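Chemist: Below is one structure. I have some questions about it.
Derivation of every value follows stated rules applied to the coordinates shown; laboratory data play no part. For clarity, every value in this text was computed on a predicted model and none was experimentally measured. Glycine gets a Cβ as well: all are built from the backbone with ideal geometry, and neighbour counts include every protein chain shown.
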Amino acid sequence: MLQSMLTRSCLGLLLATSLTAQAQQKHTFEIKDGQFRYDGKPTQIHSGEMHYARVPKEYWRHRLKMLKAMGLNTVATYVFWNYHHPTPGVWDFKTGNHNLPEFLKTAQEEGLFVILRPGPYA
């Protein structure tokens, strides 16, 4: 079960990394010999939680800098589907606090990994 949880977390991390690093250098992330490896180097994940939908967009960078100042290298966040899909046929990933790509880009610029956790859907 722990391996399954770690694998799902890694997939979320890889998804976030791939979304924000489209035109940049390719990186690798894997689990090998019981360790996370980023670009082949053993890496520990030190993560804090920040729900971008609950923090005004103007404060995202400041809050991410505070996470990093605490010694964290990763931010975990929910992707609230009911927030992005308010009514049938309507999706919003671009406006204001809904701008998930902008949040991922800001986290990358601050040198943070991102773990995306989809859910919940009401």
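Chemist: Work out the FRET efficiency for Asp39 and Val90 from their Cβ-Cβ distance, taking R0 = 41 Å, and round it to the nearest 0.05.
Modeler: Working: r = 39 Å, r/R0 = 0.96.
Once rounded, the FRET efficiency stands at 0.55.
Chemist: Expected output is a single nm value to one decimal: the length gained when fully extending between Glu110 and Glu30, i.e. 0.36 nm times separation in residues minus the C-alpha distance. What is it? Write down the numbers at each step before the final one.
Modeler: Working: separation 80, 0.36 × 80 = 28.80 nm, distance 2.19 nm.
The span from Glu110 to Glu30 would gain 26.6 nm if fully extended.
Chemist: Let me ask something additional. For segment 61-122, how big is the tail of P(r) above 16 Å, as a whole percent of Cα pairs? Don't skip to the end; give the middle numbers.
Modeler: Values: 914 of 1891 pairs.
The proportion of pairs with Cα distances above 16 Å equals 48 percent.
Chemist: Sticking with this one: Using modelled amide H (1.01 Å from N, peptide plane; none on Pro or chain starts), what sits under 5 Å from the amide H of Phe113, excluding residues fewer than 5 places away?
Modeler: Placed amide hydrogens put Thr74, Val75 under 5 Å from Phe113.
Chemist: Pull up the cross-link candidates among the aspartates and glutamates for Lys57, meaning alpha carbon to alpha carbon under 13 Å and not fewer than 8 places away within one chain.
Modeler: Partners found: Glu102.
Chemist: Same structure, new question: For Lys26, list the aspartates and glutamates whose Cα falls under 18 Å from its own Cα; do not include residues on the same chain fewer than 8 positions away.
Modeler: Asp39, Glu109, Glu110
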